[in-house]
1. Running a GNM on the chain with Cα contacts under 10 Å, which residue among Pro193, Pro41, Pro318 ends up with the highest mean-square fluctuation?
2. Let me know the Kirkwood hydrodynamic radius for the range 20-236, please, with Cα pairs as the basis and the value in Å to one decimal.
3. Suppose every Lys and Arg Cβ carries +1 and every Asp and Glu Cβ carries -1, with no other charges. What dipole size does the range 20-236 come out with about its Cα centre, to the nearest 20 debye?
4. Hey, in the GNM for the chain with a 10 angstrom Cα cutoff, which one of Gln165, Gln142, Gln271 fluctuates hardest?
5. Identify the GluC sites (Glu not before Pro) of the range 34-121 meeting these criteria: DSSP loop state and at most 16 other C-beta atoms within 10 Å of the C-beta.
6. As an exercise, take the mean of 1/r over every pair of distinct alpha carbons in the range 165-247, invert it, and state the Kirkwood radius in angstroms.
7. Counting Lys and Arg as +1 and Asp and Glu as -1, each charge on the Cβ, what is the dipole of the chain about the Cα centre in debye, to the nearest 20?
8. So in the chain, what percent of DSSP beta bridges are antiparallel if you round to the nearest 5?
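Bear in mind that the values in this text are calculations on the coordinates, not laboratory data. Small disclaimer: the values here were computed from a predicted structure and weren't measured. Using ideal geometry, Cβ is built from the backbone for each residue, glycine included, and neighbour counts are taken over all protein chains shown.
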Amino acid sequence: MDVEISPSTLSGTARAPSSKSYTHRAILAAGFSGGALVYDPLVSADTKATMRAVEAFGGEVTRESDRLDVDGFDGRPEVPGDVIDCANSGTTMRLATATAALADGGTVLTGDSSLRSRPHGPLLSAIEDLGGRAESTRKNGQAPLVIEGPTSGGRVSMPGDVSSQFVTALLMAGAVTDEGIDVALETELKSAPYVDITLELLDEFGVEAGKRREDGGGVYRVEGGQFYEPTDGEYHVPGDFSSISYLLAAGAIAAEGSEAVRVRGAYPSAQGDSKIVGVLDRMGADVDWNRDDGVLTVRRSALSGVEVDVGDTPDLLPTVAALGAVADGETRIVNCEHVRYKETDRVTAMAEELRNLGAETTESADTLTVVGEESTLTGGAVDGRGDHRIVMALSVAALACSGPTVISGGEHVDVSFPTFFDVLYDLGATVDR
């Protein structure tokens, strides 16, 4: 689907979509339980893949108006009767891979062409070290994957600079093993706040896990023999700061005069992407966060370029790049090499597509530089690269262009923010689908 966005001014109030990261984890945690209700979930293409995975392992997920009713498999996943198709969801693939290592038999996992190009080698090696069988059918660490269990737990060592989801997957599965699982990190953990999200959610489900320091690095530990039992049998998903970042950026770029864009549902949590508030503040944005009420308010502001380290917040790179294209001076996004291994190479994608809109950009292995003072955003045709975050970031930049912008692949926002274009339209953007 092509989406055309014309230069626009915005005002009004929007509600943040629920967190995709928390929803994935909550669905699986409910699957590990005897049964639980997940309130305010984000129902998207990615989270539907996790629902299907839970059902493949013997659970049942029923969607109600404001919740998911999950009849879990009580810590004992069945051997799936068919291949698990994770579609485009890397989180589903990692979570399901570790879960499959608990089943007494073989599980085959695959996904679309993008997912089949993403790395899983360290997680496969970890499962082998735990006594399971874990193979890439093409011997390249990429899906399709064949996993065979059961494993009873143990200690593994892995690099931390490929994906924090490997740690999350092992911790969630490790709680129901006999021995528990220790994950020793060989390198610094990238995207560490996402493991903090996992620890926060595990605690909500009554599972104890944590991190300790050892010579040579950090070790995450989850005891075995635990039960997933959320308080009162229910869990409420918080708002998603990755999605909130696009709305805040849109307001900072295109709010109408003295009017403001307000975002509700922005309550504090372990989400690293809440750092977008501080990034906007450093760039000179007029932004205010009422944490008690969960309301963020932003007004159109004169922005200045800054340096932003996305080592722990990879999903913010597209948003920050779009902001840099309209800011004075130079915006440098550093420590971003791991952002090349998402649904697409997001570093190159933003560099090339912003350039197509008229921005001046350069990139190296781990740095993306956007020179706003040398950029004149004119609009034109850009490729969303089949990546929801690229589509949404380019949509934000399009608001500040001098002419209309046509973005291909608009349907991919269904992955994390299905109502994104509706929300933009309701705030005053000219959107033609």
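1. Top of the fluctuation ranking is Pro193.
2. Evaluated on the range 20-236, it is 16.7 Å.
3. 860
4. Answer for the Gaussian network model of the chain: Gln142.
5. Loop-located and lightly packed - Glu64, Glu78.
6. Every distinct Cα pair counted, the radius reaches 13.9 Å.
7. Its charge dipole is roughly 440 debye.
8. Of the beta bridges lying entirely in the chain, close to 70 percent run antiparallel.
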